[in-house]
């Protein structure tokens, strides 16, 4: 009989010290810190019974920390994170000095170690969200709850995305995200609701109910914004939820366009060559996504984050939301068939632009393809 292997002990422990006031996105700063520690794989610890050896990250529970700050601090022993006033708010120390460091943190006293501000510790560039923005480090008080929530929400938003997500959804999405957080609604529940709307829009497009189908589609795109932001601001993202959300986003658009073509054929203005139009729209969509994947694999940077033009073109490229704008305008004009013709034409044009972007990247000197946002 063999013993089951033990899990490796964490090389770094983490403890939230001090008191916290108020709640941020429905949870206290201390609970948020503890959730961050678990997500980063930092071991739970007790100041009264610390093992010898592992380093210890201590963070003051009265502050709201961007996850990137705790991640960076965990990788830098003997480092002190300070706020804008120079006050120490977190530190990475050896376990032998953790109790004294915790007392100093709570008292607002100076600590030994390399003193770094938030931007010095974690930088401003977030490659996952394709944006430059200083990491969040704010003290929570009764007066700062809403500003800090707003800051965290802004920090959760992708910097490079389509024009609807970037300019139309932020304000209402922040309101609904806060309501979901306070109501205890999880990101996966929001994602499931958006999946139901995907199916509803698909059916409504298929039977030619374009107005109702567009209503379902637009609500789905809104919830698609809410679920990701809810996951980030409440630190509830999970591998399964990420696969579910991104899987829906990746797969459903071609099925919507197919259903639209079927629905149009039963109207007074059917398409003359529906098979060709569908091949252009679906084939162009698949080809664009493949080119984006090839670009990312070859250069380790998102195509749309390479140069300012590439980020601009992501606003309008032939993805779901820009295509829905074309379809909505044509439907309001009483010609859903023209809407699909416009989508086909724009898909072809967008594919041509992506091909040129790839050719330019392959022709660029080695090491020249880096995100303009990281410079």
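Please verify whether residue 311 is under 30 Å from residue 65 (Cα atoms) and outside any helix (DSSP H, G or I), treating the condition exactly as stated.
Considered against the rule, which asks whether it is under 30 Å from residue 65 (Cα atoms) and outside any helix (DSSP H, G or I), residue 311 comes out as no.
Kindly indicate whether any position in region 282-290 is closer than 22 Å to residue 224 by Cα, touching a residue at least 60 places away in the same chain (Cβ under 8 Å) and crowded, with 20+ Cβ neighbours inside 10 Å.
Yes, that holds for at least one residue.
All but one of (1) farther than 30 Å from residue 316 by Cα; (2) under 26 Å from the mean Cα position of the chain (by Cα); (3) in contact (Cβ under 8 Å) with a residue 40 or more places away in the chain hold for residue 79, so report the exception by its number.
Among (1) farther than 30 Å from residue 316 by Cα; (2) under 26 Å from the mean Cα position of the chain (by Cα); (3) in contact (Cβ under 8 Å) with a residue 40 or more places away in the chain, the lone unmet condition for residue 79 is (2).
In region 4-23, how many are at pLDDT 55 or above and assigned to a loop (DSSP other than H, G, I, E, B)?
Looking only at that region, the number is 8.
Just the residues that are within 14 Å of residue 327 (Cβ to Cβ) and within 11 Å of the chain's Cα centre (by Cα), please, taken from region 206-260.
none
May I ask you to verify whether residue 342 is crowded, with 20+ Cβ neighbours inside 10 Å and either under 14 Å from residue 257 (Cα atoms) or in contact with a helix residue (DSSP H, G or I) (Cβ under 9 Å, 6 or more places away or on another chain) (or both)?
Here the answer is no, as residue 342 does not meet what is asked.
Pick out the one residue from 40, 50 that is over 20 Å from residue 138 (Cβ atoms) and touching a helix residue (DSSP H, G or I) at 6+ places or on another chain (Cβ under 9 Å).
Just one listed residue meets the conditions, 50.
Starting from residues that are part of a helix (DSSP H, G or I) and touching a helix residue (DSSP H, G or I) at 6+ places or on another chain (Cβ under 7 Å), keep the ones in region 356-375 and report whichever is modelled with the lowest pLDDT.
Checking each candidate, the answer is 373.
Test residue 186 against the criterion of being closer than 26 Å to residue 128 by Cβ, modelled with pLDDT under 95 and in contact with a strand residue (DSSP E or B) (Cβ under 8 Å, 6 or more places away or on another chain), and give yes or no.
Here the answer is no, as residue 186 does not meet what is asked.
Out of contact with any strand residue (DSSP E or B) (no Cβ under 6 Å at 6 or more places or on another chain) and closer than 20 Å to residue 208 by Cα: which single residue out of 335, 314, 319 fits that description?
It is 335.
Given the residues 173, 193, which is the only one that is at pLDDT 95 or above, assigned by TED's automatic domain parsing to the domain that holds residue 247, buried (at least 21 other Cβ atoms within 10 Å of the Cβ) and out of contact with any strand residue (DSSP E or B) (no Cβ under 6 Å at 6 or more places or on another chain)?
Details: 193 fails: buried (at least 21 other Cβ atoms within 10 Å of the Cβ).
Of the residues listed, the single one that is at pLDDT 95 or above, assigned by TED's automatic domain parsing to the domain that holds residue 247, buried (at least 21 other Cβ atoms within 10 Å of the Cβ) and out of contact with any strand residue (DSSP E or B) (no Cβ under 6 Å at 6 or more places or on another chain) is 173.
Being in the same structural domain as residue 199 (by TED's automatic domain parsing), touching a residue at least 24 places away in the same chain (Cβ under 8 Å) and out of contact with any helix residue (DSSP H, G or I) (no Cβ under 8 Å at 6 or more places or on another chain), is that true of even one residue in region 257-267?
The answer is yes, given that some residue of region 257-267 is in the same structural domain as residue 199 (by TED's automatic domain parsing), touching a residue at least 24 places away in the same chain (Cβ under 8 Å) and out of contact with any helix residue (DSSP H, G or I) (no Cβ under 8 Å at 6 or more places or on another chain).
Conditions tested, residue by residue: (1) more than 26 Å from the chain's Cα centre (by Cα); (2) touching a residue at least 60 places away in the same chain (Cβ under 8 Å); (3) assigned by TED's automatic domain parsing to the domain that holds residue 96.
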position	(1), (2), (3)
32	no, yes, yes
40	no, no, yes
44	yes, no, yes
57	no, no, yes
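What number of residues within region 137-158 satisfy the criterion of being assigned to a loop (DSSP other than H, G, I, E, B) and modelled with pLDDT of 85 or more? Working first, answer last.
Step one: filter region 137-158 for residues assigned to a loop (DSSP other than H, G, I, E, B), giving 140-144, 157-158.
Those still in the list that are modelled with pLDDT of 85 or more too: 140-141, 143-144.
Matching residues across region 137-158 total 4.
The values are calculated or read from the model by the stated rules, or taken from the named source; none is laboratory data. From a predicted model like this one, the values you see are computed outputs, not experimental measurements. Note that we place each Cβ from the backbone using ideal geometry, even for glycine, and neighbour counts take in every protein chain shown.
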